[in-house]
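Worksheet for the structure shown next.
The values are calculated or read from the model by the stated rules, or taken from the named source; none is laboratory data. What you are looking at is a predicted structure, and each value in this text was computed from that prediction instead of being measured. We place every Cβ from the backbone using ideal geometry, glycine too, and count neighbours over all the protein chains shown.
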């Protein structure tokens, strides 16, 4: 009895009984070869060995494995789409950085306020209820007018002006205040470190830029920049969650940092965010025996060429703080790529 079955699916080993004769497929087909479960012949004596179940087994396994293989096409498409989205987000981030860099360079005096603006938006986070955090609520009039946010209106105005320019050029929709406020803090930090490098080079801008490029920790921002896609809240966060840093005791500061999951080390490294005068803040923090060693560590680090200990810990701490309670939308600011109608091309 002759049984014939033709499969057009590629790249599969023939799955048939050992004693069956397969005439048109190699024993071990190589990757990409077309395998045909075809012209399978059985003599009368072996007819019972090759029943319908064997044929169905061959067919089912062939189709199943082919579906697995062909699913690679979908995986490749998904990977390509992901690469496009990542490129779009990266390009958008570059435009944000350029806009913020120019705005802050023209208004360097606003840097301390930008840092405090970002921290105060973060510190509304409540660990128990998982509410608050860097959600842009500080932009709302009822929150920016609170005592702890006194003097931050100028920083918020800079953010709002930058947002207008960024949104006007955005292909993937407007940037959230929650993202932009944290990115403004990042830009302010970078410019602070760059200014420090220039001072160490006697005020030579070119040498200062080279120094920071060679020894700075700019590459540590990867995780911070990945957490890009925060959503804005439309309601102010509850009052009483953020201290007035310039009036708070060290213990009150420690308690607040502890409440969001951080300790004396993170408090010390964030000293520049705790008011307009970093030196005065560190003098106060140094009165606490738990914070003092960290204050001294970071002061020593800032005197070195690279400032590695201080800069890396600062970037790490801000990255963790800026994600508190937030659900990051990793597809935010992406947009469909315009398809080309090849039928209209003249070749």
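Is it the case that the range 262-270 has a residue that's surrounded by fewer than 20 Cβ atoms within 10 Å (Cβ to Cβ) and part of a helix (DSSP H, G or I)? It would help to see each step written out before you state the result.
If we filter the range 262-270 for residues that are surrounded by fewer than 20 Cβ atoms within 10 Å (Cβ to Cβ), which is where we start, we get 262-263, 265.
Next, from what is left, pick out any that are part of a helix (DSSP H, G or I): 265.
Scanning the range 262-270 turns up at least one residue that is surrounded by fewer than 20 Cβ atoms within 10 Å (Cβ to Cβ) and part of a helix (DSSP H, G or I).
Within the range 174-194, can you find the residues that are under 24 Å from residue 316 (Cα atoms), free of Cβ contacts under 8 Å to residues at least 24 places away in the same chain and surrounded by fewer than 19 Cβ atoms within 10 Å (Cβ to Cβ)? Steps first, please.
Going through the range 174-194, the residues under 24 Å from residue 316 (Cα atoms) turn out to be 175-194.
Filter once more, keeping what is free of Cβ contacts under 8 Å to residues at least 24 places away in the same chain: 194.
Across the range 174-194, there are no qualifying residues.
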Task: Subset tally (residues that are loosely packed, with under 14 Cβ neighbours inside 10 Å and within 15 Å of residue 314 (Cβ to Cβ)) for the range 232-261 - done: 0
Task: Boolean, residue 61 is closer than 26 Å to residue 279 by Cα and either assigned to a helix (DSSP H, G or I) or modelled with pLDDT under 95 (or both) - done: no
TODO: Exactly one condition in (1) within 23 Å of residue 188 (Cα to Cα); (2) touching a residue at least 40 places away in the same chain (Cβ under 8 Å); (3) part of a loop (DSSP other than H, G, I, E, B) is not met by residue 246; state its number.
DONE: (2)
- [ ] Scan the range 273-298 residue by residue and report those that are surrounded by fewer than 22 Cβ atoms within 10 Å (Cβ to Cβ) and closer than 16 Å to residue 114 by Cα.
- [x] 275, 276, 277, 278
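May I ask you to say which residue of 203, 219, 229 is modelled with pLDDT under 95 and either under 25 Å from residue 296 (Cα atoms) or in the same structural domain as residue 186 (by TED's automatic domain parsing) (or both)? Break it down stepwise before answering.
Working: 203 fails: modelled with pLDDT under 95; 229 fails: modelled with pLDDT under 95.
Of 203, 219, 229, the one residue that is modelled with pLDDT under 95 and either under 25 Å from residue 296 (Cα atoms) or in the same structural domain as residue 186 (by TED's automatic domain parsing) (or both) is 219.
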